[in-house]
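Engineer: Got a structure here, written out as structure tokens. Questions coming.
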4 protein chains.
Amino acid sequence: MANIGKIGVFTSGGDSPGMNAAIRSVVRTCAYLKVECVGIYRGYQGMIEGDFKPMDARSVNNIINKGGTILKSARCKEFRTKEGRQKAYDNLRKEGIDAFVVIGGDGSFTGAMIFNQEFHFPIIGIPGTIDNDIFGTTFTLGFDTALNTVVEAIDKIRDTASSHNRLFFVEVMGRDVGHIALNAGVGAGAEEILIPEENLGRERLLESLKRSKESGKSSSIVIVAEGDKTGKNIFELKEYVEENFPDYDVRVSVLGHMQRGGSPSCYDRVLASRMGVKAVEALLQGKTNLMVGVQDNELILTPIHKAIKGHTKIDKELIRVSDIMSI
Amino acid sequence: MANIGKIGVFTSGGDSPGMNAAIRSVVRTCAYLKVECVGIYRGYQGMIEGDFKPMDARSVNNIINKGGTILKSARCKEFRTKEGRQKAYDNLRKEGIDAFVVIGGDGSFTGAMIFNQEFHFPIIGIPGTIDNDIFGTTFTLGFDTALNTVVEAIDKIRDTASSHNRLFFVEVMGRDVGHIALNAGVGAGAEEILIPEENLGRERLLESLKRSKESGKSSSIVIVAEGDKTGKNIFELKEYVEENFPDYDVRVSVLGHMQRGGSPSCYDRVLASRMGVKAVEALLQGKTNLMVGVQDNELILTPIHKAIKGHTKIDKELIRVSDIMSI
Amino acid sequence: MANIGKIGVFTSGGDSPGMNAAIRSVVRTCAYLKVECVGIYRGYQGMIEGDFKPMDARSVNNIINKGGTILKSARCKEFRTKEGRQKAYDNLRKEGIDAFVVIGGDGSFTGAMIFNQEFHFPIIGIPGTIDNDIFGTTFTLGFDTALNTVVEAIDKIRDTASSHNRLFFVEVMGRDVGHIALNAGVGAGAEEILIPEENLGRERLLESLKRSKESGKSSSIVIVAEGDKTGKNIFELKEYVEENFPDYDVRVSVLGHMQRGGSPSCYDRVLASRMGVKAVEALLQGKTNLMVGVQDNELILTPIHKAIKGHTKIDKELIRVSDIMSI
Amino acid sequence: MANIGKIGVFTSGGDSPGMNAAIRSVVRTCAYLKVECVGIYRGYQGMIEGDFKPMDARSVNNIINKGGTILKSARCKEFRTKEGRQKAYDNLRKEGIDAFVVIGGDGSFTGAMIFNQEFHFPIIGIPGTIDNDIFGTTFTLGFDTALNTVVEAIDKIRDTASSHNRLFFVEVMGRDVGHIALNAGVGAGAEEILIPEENLGRERLLESLKRSKESGKSSSIVIVAEGDKTGKNIFELKEYVEENFPDYDVRVSVLGHMQRGGSPSCYDRVLASRMGVKAVEALLQGKTNLMVGVQDNELILTPIHKAIKGHTKIDKELIRVSDIMSI
């Protein structure tokens, strides 16, 4: 049995909807289990600077439905150095913190893993990122909300799309992975979905758009993941298509950071609440170096090094569904 | 290999968000696989009346994001009789329909199963109901959307709740099952969740509300599933609480049918799109009498009699999470 | 020229979306014009208890989009007594507050007016109520948002309505006035709108519903203002209609306090921002005992006694529009 | 008294939320007043091609809440020629249409005015555009909805903004006018608003951003109207700021056509319903060559040539409010 009397919690990396719900859950589970809880501001940066604040059940009132993170988030170069981590460790010890829960993506988990190796400090990770690119969990916190944000935006574009000979190119997040583009694309009924994992070339895009037109569609929506390489970027791709498909006007939307914000969906809130409980309980049971994930709607624990190194693959079945749906 | 050249599709029972997305998917998968598709209006009623309409890929444009069902839905007593089913069968044969996909809940599946037994007519079910009470699938179409509708409504109530010594009682759907109440209750941060599966008595509710107040909460939200028996109904429960807890005003909201409508969430749209493909493919592979479900984000097929008779249990872990969160 | 160096601001009565935006505007206008600003918590109650907090431009970060009121609101009996008001005055003087801005409805304004008469204390009102029942302003803060909340709820109900022989009764706020019911009813395309100002009797409702059915409508939505007297209450009215119109099922929604919350619409935020500037400027110009209102999109000032005693009439043109639209 | 037995209705130019509600109102008012009504598809293009469809009260069921336009819209070069207009006139006469209601912006009104001059054909305009740039009406249909779309998007960006040293540049519609940028900017609490009507130079932008940072803001949101000339375009402006303000990352969102779509706000629906009634009644009273507008919440009629030539000025008071709010 671990001897854990005080747990720290922080968010790190790009924020995602559901992080506040996860913080709330960690804090309230600590209160429920009579363990002290300390919020660490701005992730590893705040750990190095000793930016701590004790938290009780009432500190997290009315945040479950808020986007962003009340503990703020930052990227921190100093934590990549041995000295930085030592400072962080010293601060944690001074504050009497015995273990921490880190809410973030794989960069944040890597930091935690190294920290655990160096100081034998108990850590548990909760996957908070809109990208859904963490191995060991079917869904990451924020992915579901981001998908809803994207489809709601595209629904509005679709309203206006039906009147004109127009193509709408919509850029969504995803530098390395196309999970948002593919799922939101199917959800929004996009005619084409361009993702980093598949580059079929821009000629094929053109052909496909022409086929769409011949099949009687008066307008089409093309989802482009940030990291897609069909064009140099979405504006260059627009020019290419307009040159080669002169009947059509192409209009571009770049959704940007609205995808990281917004009130979390019920799914993300429930998942965050469940994960926070699991994370605290795991620490109190003496577990460490694990990430909480969800698989078949059950919570599971995965060694954090596997979560980092594992790969999430693009869903081939869903690509096929998308092809069929855009007939 | 089955000899299926024309597939019928219909929605039946109470409608749910995602039904249109499932119709669209069945229709477009048929078009993609060069099978004819016929829409049957108003469920079994339309089958008995021969209310059919051929559908092609363009018939289902711009419906993926719409609540309700373009094929309409109805409950049908006549289909419970042998004569009614014979009429339906004759109409299907006359129209040349070789198999059908039924989108609905367990009542609709029971009808389909009996029909299959009597006429050896190939059928596949897609679970469309907001109640999430179908065995053989982790999620039914519409559940995710309904949860978002409920938490968005309660978020608004929460805004105003924080100013006053007030209790808010919110009635949500669920005559026999508390899945909506429990999940939306956790997602909305409700202090109490009253579900049909658990009746702890109204004295315990009172104690719990008093404890809440003592812990410093200035107001509380209580979710009450339709089928909960803590009080005779939500208004009677309100009177009981106000009599016994005189400091507090109780305000009641009855969300009602708004929970069945609304634009489906991305999750429900993607799931519906996937299920429609799977249903058509299963029929073409000669399968029958099965329901498409989702388990661990993979599609599975369950014998429809199991889907009907199986039980979905309330999630004990989630009840515990709810207790911890409302500390 | 008035000698005003410190301004108090508070919200009072039932809260409404846009109150936070108005607080933010008062606080920032004070900062901009180099006047001190003090937040008074829980309205007149906090004034009597001396529950004050100095506010600067940064105190109101990130609240423009939040429902509710960060200063909280309360109803206060003690302020109706001379002793209560004397305590409040003493506290204001002790804190050095020279004038205040009250954000609320006519009850709150009446308190302010009496206070002004007794102590010659400068006051300005900003109309914050969802009911739109204040004379001297075309729109009150929160009305626009509440209308959007109601129509969004009814849109969801409408999705499901089209499938069945059903009537949906939706109760909306409005004990004495039907502005919400009438505007949201037209906006949502309701077939019938029942308001306190007009009681045509329940027989007429029945006839109208029957006419609706004969005209080919398969379902209808009836908006019922809280204060409507067509039935004893919405449930009694439901029973009456079901008895006399047996083909139809009546389903009831009671929207309740969700109408008071939610993120304010852009209109309410802009209006709140403008009104806050105007209120502070008026006080600094030595004006008092006025309410800021909007007329033809311009801000105007009305003597507060007129705002209280004046009447807002139900819009006859809109009743006619509603009759025409529900043909 | 005019001898008008059949009225045409169409939408023209860029679509805007509320157009469907206006169509519905024109159609139902005709039905109510026992005048025939014909929908003209794709604006002037459909008039030239004789693309007409008779409409009755039931043709416009369930469209009040839909974005886009069921009659579709198009820009039409041929109508700019005398021959084109002659064809249109001949088609209208053949169909027995005696007058029309045009829903659109000033380009559409100009066409209608010329048509009226040439053929003495009775016409009435309803201002449908998100830009709010029509003289003779305080609000155009769609403006209110577009503002809500923009502030909801920026609210999400704001959630994530608070964690980082970041600037968010958000491009909104408005090639010639800054009404959307200015109102949505105030509503979203933007730190800077760049509009076509005012070009203060990019140096001033830089200074202002630096001042913002010094005042303690950790991040800022800058709204840029499409037609703003502070930079060559939003991406060039981003580069300029990043070069000269190296501490900060600039992230860009281009909202694009989502601003033209979406379910209309209650305000836009009510206004559309009222305007449709007024337009039909005006035609039946023998009026012509007028635009229906709203002023101080009352409907007024303005000669259409004034509506076209008049100018809507940017609201100086609101610029001042914006400056004060971003302190």
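Engineer: Peptide C:65-71: average number of partner chain Cβ atoms within 10 Å per residue?
Structural biologist: Average per residue, whole number: 5.
Engineer: Would segment B:17-109 count as rounded, prolate or oblate if I go by the C-alpha gyration tensor, calling it rounded below 1.5 in a/c and otherwise prolate when a/b exceeds b/c, oblate otherwise?
Structural biologist: Oblate, because a/c is 1.5 or more while a/b does not exceed b/c.
Engineer: When all alpha-carbon pairs of chain A are counted, what percent fall beyond 33 Å?
Structural biologist: Across chain A, Cα pairs with separations above 33 Å total 33 percent.
Engineer: Could you derive backbone 3J(HN,Hα) for segment C:310-320 from the dihedral phi with the Karplus parameters 6.51, -1.76 and 1.60 (θ = phi - 60°), listing whole Hz in sequence and x where the residue is Gly or Pro?
Structural biologist: After applying 6.51 cos²θ - 1.76 cosθ + 1.60, I find x, 10, 9, 9, 5, 7, 4, 4, 6, 4, 5 Hz.
Engineer: How far, in nm to one decimal, is C:K82 from itself in the other copies if the label point is set 7 angstrom along Cα toward Cβ? Shortest first, please.
Structural biologist: 8.1, 8.8, 9.1
Engineer: Highest mean first, how do C:77-84, B:289-296 rank when packing is the count of other Cβ atoms within 10 Å averaged over residues?
Structural biologist: Taking the mean over residues of other Cβ atoms within 10 Å, the ranking is B:289-296, C:77-84.
Engineer: Mean-square fluctuation check for chain B, GNM, Cα pairs under 10 Å: which of B:A184, B:A153, B:A272 is largest?
Structural biologist: B:A153
Engineer: Separate question: Return the sequence-ordered ³J(HN,Hα) values of segment B:5-14 in whole Hz as given by the Karplus equation 6.51 cos²θ - 1.76 cosθ + 1.60 applied to θ = phi - 60°, using x for Gly and Pro.
Structural biologist: x, 8, 10, x, 9, 7, 10, 8, x, x
Engineer: So what is the 222 nm mean residue ellipticity for the protein assembly as shown from helices alone, if each DSSP H run of at least 4 adds -39500 (n - 2.57) and you divide by all residues, rounding to the nearest 500 deg cm²/dmol?
Structural biologist: Here the helix-only value at 222 nm equals -13000 deg cm²/dmol.
Engineer: Looking only at C:P264, C:P122, C:P54, which one moves most when chain C is put into a Gaussian network model with springs between Cα atoms under 10 Å?
Structural biologist: Sorting by GNM fluctuation, first place goes to C:P54.
Engineer: Quick one: which of C:171-182, C:91-102 comes out on top by average Cβ neighbours within 10 Å, and what's the full order, highest first?
Structural biologist: C:171-182, C:91-102
Engineer: Enumerate the calculated ³J(HN,Hα) couplings along segment B:166-171 in order (Karplus 6.51 cos²θ - 1.76 cosθ + 1.60, θ = phi - 60°), each rounded to whole Hz, writing x wherever the residue is Gly or Pro.
Structural biologist: Result, rounded to whole Hz: 9, 10, 10, 9, 10, 8.
Engineer: Based on Cα positions only, what radius of gyration and what Dmax would you give for the protein assembly as shown, in angstroms?
Structural biologist: 30.4, 93
Engineer: In chain D, what % of DSSP beta bridges are antiparallel (nearest 5)?
Structural biologist: Bridges in chain D are about 25 percent antiparallel.
Engineer: Something else about it: Might you report the magnitude of the Cβ-based charge dipole of segment D:143-260 about its Cα centre, with Lys and Arg at +1 and Asp and Glu at -1, to the nearest 20 debye?
Structural biologist: For this selection, approximately 140 debye.
Engineer: Within 10 Å of each Cβ of B:140-150, how many other protein chain Cβ atoms are there on average?
Structural biologist: Mean shielding count: 3.
Engineer: Follow-up. Cβ under 9 Å from A:G67's Cβ, A:G67 left aside: what net charge do those residues give with Lys, Arg +1 and Asp, Glu -1?
Structural biologist: +1
Engineer: Can you list residues whose amide H is under 5 Å from C:V294's amide H, if they're 5+ apart or on another chain and H is modeled 1.01 Å from N?
Structural biologist: C:T138, C:F139, C:I300
Engineer: Same structure again: Cα to Cα, under 18 Å, and not fewer than 8 places away if on the same chain: which lysines meet these conditions relative to C:K87?
Structural biologist: Within the straight-line cut-off, C:K87 pairs with C:K53, C:K77.
Engineer: Of D:V35, D:C266, D:V9, which is farthest towards the positive pole of chain D's charge dipole, taken about the Cα centre with +1 and -1 on the beta-carbons of Lys, Arg and Asp, Glu respectively?
Structural biologist: D:V35
Engineer: Hey, got the dipole for chain B? About the Cα centre, +1 on K and R Cβ, -1 on D and E Cβ, debye to the nearest 20?
Structural biologist: Around 1100 debye, computed over chain B.
Engineer: A follow-up question, please. Taking the Cβ of A:I114 as the center, what net charge do the other residues with Cβ under 13 Å away carry, scoring Lys and Arg +1 and Asp and Glu -1?
Structural biologist: In short, +1.
Engineer: Arrange the residues A:S263, D:S322 by how much accessible surface each exposes, largest first, with a 1.4 angstrom probe.
Structural biologist: From most exposed to least exposed: A:S263, D:S322.
Engineer: Below 13 angstrom from the Cβ of B:T160, what's the summed charge of the other residues (Lys, Arg +1; Asp, Glu -1)?
Structural biologist: Neighbourhood net charge equals +3.
Engineer: A further question follows. With a/c under 1.5 counting as rounded, go ahead and sort segment C:143-260 into rounded, prolate or oblate using the C-alpha gyration tensor (a ≥ b ≥ c being the square roots of the eigenvalues; past the cut-off, prolate if a/b is larger than b/c, else oblate).
Structural biologist: oblate
Engineer: Here is a further query. Give me the percent of accessible area attributable to carbon and sulfur for chain B, probe 1.4 angstrom.
Structural biologist: On chain B, the fraction of accessible area on carbon and sulfur atoms equals 46 percent.
Engineer: Pull up the cross-link candidates among the aspartates and glutamates for A:K217, meaning alpha carbon to alpha carbon under 18 Å and not fewer than 8 places away within one chain.
Structural biologist: A:D155, A:D159, A:E191, A:E192, A:E207, A:E242, A:D247, A:D249, A:D323, B:D56
Engineer: Going from most exposed to least, what order do A:I40, A:I300 have by accessible area with a 1.4 Å probe?
Structural biologist: Greatest to least solvent exposure: A:I300, A:I40.
Engineer: Give me the lysines in straight-line cross-link reach of B:K306: C-alpha distance below 17 Å, same-chain residues under 8 apart excluded.
Structural biologist: Partners found: B:K287.
Engineer: Measuring label to label, 7 Å along Cα→Cβ, what does C:G5 give against each other copy in nm, shortest first?
Structural biologist: Between copies, matching label points for C:G5 lie 5.1, 8.1, 9.5 nm apart.
Engineer: Oh, and also: Might you work out the accessible area of D:E239 for me, using a 1.4 Å probe with all protein chains in place, and round it to the nearest 10 Å²?
Structural biologist: Probe radius 1.4 Å; accessible area of D:E239 about 110 Å².
Engineer: Note the direction-averaged projected area, equal to a quarter of the hull surface, for the Cα convex hull of segment D:69-216, in nm².
Structural biologist: 11.8
Engineer: Looking at the square roots a ≥ b ≥ c of the eigenvalues of the Cα gyration tensor of segment C:271-312, which shape do they give, rounded for a/c under 1.5, prolate if a/b is larger than b/c, or oblate?
Structural biologist: Oblate shape, in that a/c is at least 1.5 and b/c is the bigger or equal ratio.
Engineer: Quick one: dipole size for the protein assembly as shown, taken about the Cα centre, charges +1 on Lys/Arg Cβ and -1 on Asp/Glu Cβ, in debye to the nearest 20.
Structural biologist: Here the protein assembly as shown has a charge dipole of around 0 debye.
Engineer: For the protein assembly as shown, what proportion of DSSP beta bridges, expressed in % and rounded to the nearest 5, is antiparallel?
Structural biologist: Roughly 25 percent of the beta bridges in the protein assembly as shown run antiparallel, per DSSP.
Engineer: Can you name the chain D residue with its Cβ nearest the rotation axis from D to A, and give the distance in Å as a whole number?
Structural biologist: Nearest to the symmetry axis by Cβ: D:V254, 2.
Engineer: Turning to a different aspect of this structure: Could you work out the mean count of beta carbons from other protein chains within 10 Å of each residue's beta carbon in C:207-220?
Structural biologist: The per-residue average across the peptide is 1.
Engineer: Please grab the % of Cα pairs in segment B:1-62 that end up more than 14 Å from each other.
Structural biologist: Value for segment B:1-62: 56 percent of Cα pairs lie more than 14 Å apart.
Engineer: Same structure, new question: Could you sort D:S215, C:S16 by accessible area so the largest value comes first, with the probe set to 1.4 Å?
Structural biologist: Final ranking, largest accessible area leading: D:S215, C:S16.
Engineer: On to the next question. Which listed residue (D:L206, D:F143, D:V250) has the Cα farthest towards the positive end of the charge dipole for segment D:143-260, taking +1 on Lys and Arg C-beta and -1 on Asp and Glu C-beta about the Cα centre?
Structural biologist: D:V250
Engineer: Past 26 Å, Cα to Cα, is the threshold; run B:K210/B:K232; D:K66/D:K278; C:K6/C:K72; B:K238/C:K232; A:K72/A:K94; C:K6/D:K313 against it and keep the listed order.
Structural biologist: Those over the limit are C:K6/D:K313.
Engineer: Where both partners of a DSSP beta bridge lie in segment D:143-260, what percent of those bridges are antiparallel, to the nearest 5?
Structural biologist: Once the DSSP bridges in segment D:143-260 are tallied, antiparallel ones form about 5 percent.
Engineer: Also, quick follow-up: At C:D247, with labels set 7 Å past Cα in the Cβ direction, how many nm apart are the copies from this one, shortest first?
Structural biologist: Taking the point 7 Å beyond Cα along Cα→Cβ, the inter-copy spacings are 4.7, 5.4, 7.1 nm.
The values are calculated or read from the model by the stated rules, or taken from the named source; none is laboratory data. Note that the coordinates shown come from a computational prediction; the quantities given were computed from them, not determined experimentally. Note: ideal-geometry Cβ built from the backbone for every residue, glycine included; neighbour counts use all protein chains shown. We work out accessible area using only protein heavy atoms, side chains counted, and drop any ligands, DNA or RNA first. Shrake-Rupley method; radii C 1.70, N 1.55, O 1.52, S 1.80 Å.
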